[in-house]
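Undergrad: Here it is, the structure in full.
What follows is calculated from the coordinates using simple rules that are stated; it is not laboratory data. For clarity, every value in this text was computed on a predicted model and none was experimentally measured. Positions of Cβ are generated from backbone atoms using ideal geometry, with glycine treated the same way; all protein chains shown enter the neighbour counts.
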Amino acid sequence: MNFNTTEITEELISTTEKLAKGYQTLQELGDVEVGASPKELVWSCDKIKMYHYLRDTPAKCATPVLVSFAMLNRHDVLDLQPDRSLMKKLIDEGLDIYIMDWGYHNKSDRYITMEDYIDGYFNDAIDFLRKKHNVNSIHKMGICQGGTFSMIYAALYPEKIKSLTTYVAPYDFSTTSCMLYKWTKYIDVDAMVDTLGIIPGDTIDGAFGMLKPSMNVSKYLGLIDSLEDKDKMMNFLRMEKWKGDLPAIPGEMYRKYIKDLFRDNKLIKGTFELGGRIVNLKNVTMPFLNVYATEDNIIPNDSTRNVMSYIGSTDKKEYPFPGGHIGVFVGGKSQKELAPAVAKWVIERC
């Protein structure tokens, strides 16, 4: 094998110069802030909070929309910065948006259950909104695990949900098209929960990272050519800050989530119980919009799409989003196409 030493030397010099300029750029950048849109705290219980995004103009839909994200990551990814904010775009399109904040848990929270979240915090927050806005039902949006929980809530309390929109949410866990779904069939979740009490966020994030290990390398290689661009650097750092903010998961909730859903697929089978009640998906009769990412390597499409034949709604629609799991929230098409389409769908049912 022949090596051109001149080309190698030039490449090394170029890369060194880029790294030096990148260091200078980092020195000039200020604090990395996420969560750009103004919001106010309107409800809280224990460590759980609900915020209301402020509007400058009246909403086109008087019925409020409550958004909930997954518990592993913070909801800030929905509002990273003004030009990469799903929440801001939904507000601009005329919706009145509230968002759940699951907070940060420690070992004192190990016994919090899925019933506590869905029958407790979820239900209390939604009752607060119903009373505040003097409405019988609200619009509900859920992302990933937050979408699964929203579906369960809608099946138990259909009279309180006017419409349901979920993004990249897992429902059918029988698929083997993703390694994550295979691993969860065999992990000893009882040993994990009994030993740790709460599940550290970086433990779960490590499993997600192994789904596509090359991404952890390629993202840094691609950054080299952007080190002099302050805007691109700040975009990168905002995303990295969000990805590194990993709250722990209460053990008892995690135990039921893995055993009843991922392992035994009880939601789709019609045998899933919450608080002693069977969760019947046929009770989900409100309008339903199911958003999935066509290139999702975390939540397989068949896991998301298969729920359509199990719910009771006749007003139901799929929205295939061209891209990956995270692109649904921060991608350019998410701002230009997805958010306006979702807002239009909700407003038509207002």
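Undergrad: For segment 31-348, what proportion of DSSP beta bridges, expressed in % and rounded to the nearest 5, is antiparallel?
TA: Values: 15 of 38 bridges.
Counting DSSP beta bridges with both partners in segment 31-348, the antiparallel share is about 40 percent.
Undergrad: Is segment 232-325 rounded, prolate or oblate when judged by the Cα gyration tensor, a ≥ b ≥ c being the square roots of its eigenvalues, rounded requiring a/c under 1.5 and prolate requiring a/b larger than b/c? Working shown, then result.
TA: On the way: a/c = 2.52, a/b = 1.35, b/c = 1.86.
Because a/c hits 1.5 or more and a/b fails to exceed b/c, segment 232-325 counts as oblate.
Undergrad: Taking the Cβ-Cβ separation of residue 111 and residue 36 as r and a Förster radius of 35 Å, what is the calculated FRET efficiency to the nearest 0.05?
TA: On the way: r = 36 Å, r/R0 = 1.02.
The calculated FRET efficiency here is 0.50.
Undergrad: Also, I was wondering about something else. Going by average Cβ neighbours within 10 Å, how do the peptides 249-260, 303-314 rank, with the highest at the top?
TA: Numbers: 249-260: 21.4, 303-314: 17.7.
Highest-to-lowest ranking by the protection proxy: 249-260, 303-314.
Undergrad: Can you tell me the length gained on complete extension of the stretch residue 278 to residue 179, counting 0.36 nm per residue apart and subtracting the Cα distance?
TA: Values: separation 99, 0.36 × 99 = 35.64 nm, distance 2.89 nm.
Once the chain is fully extended between residue 278 and residue 179, it gains 32.7 nm.
Undergrad: Can you tell me the FRET efficiency between residue 194 and residue 271 if r is taken as the Cβ-Cβ distance and R0 is 35 Å, rounded to the nearest 0.05? Write down the numbers at each step before the final one.
TA: On the way: r = 24 Å, r/R0 = 0.70.
Efficiency at R0 = 35 Å is approximately 0.90.
Undergrad: Starting from the Cα gyration tensor of segment 31-348, take the square roots of the eigenvalues, sort them a ≥ b ≥ c, and report rounded, prolate or oblate (rounded when a/c is under 1.5, otherwise prolate if a/b is larger than b/c, else oblate). Show your work: numbers first, answer last.
TA: Numbers: a/c = 1.35, a/b = 1.04, b/c = 1.30.
In terms of gyration-tensor shape, rounded.
Undergrad: Here's another thing I want to ask about it. Mind ordering 54-61, 340-347 by average Cβ neighbours within 10 Å, highest first?
TA: Numbers: 54-61: 12.6, 340-347: 17.8.
Order by mean packing, descending: 340-347, 54-61.
Undergrad: Which parts of segment 38-52 would a label at residue 132 reach, counting a residue when its backbone N lies under 14 Å from a point 7 Å out along Cα-to-Cβ?
TA: 39-45, 49-52
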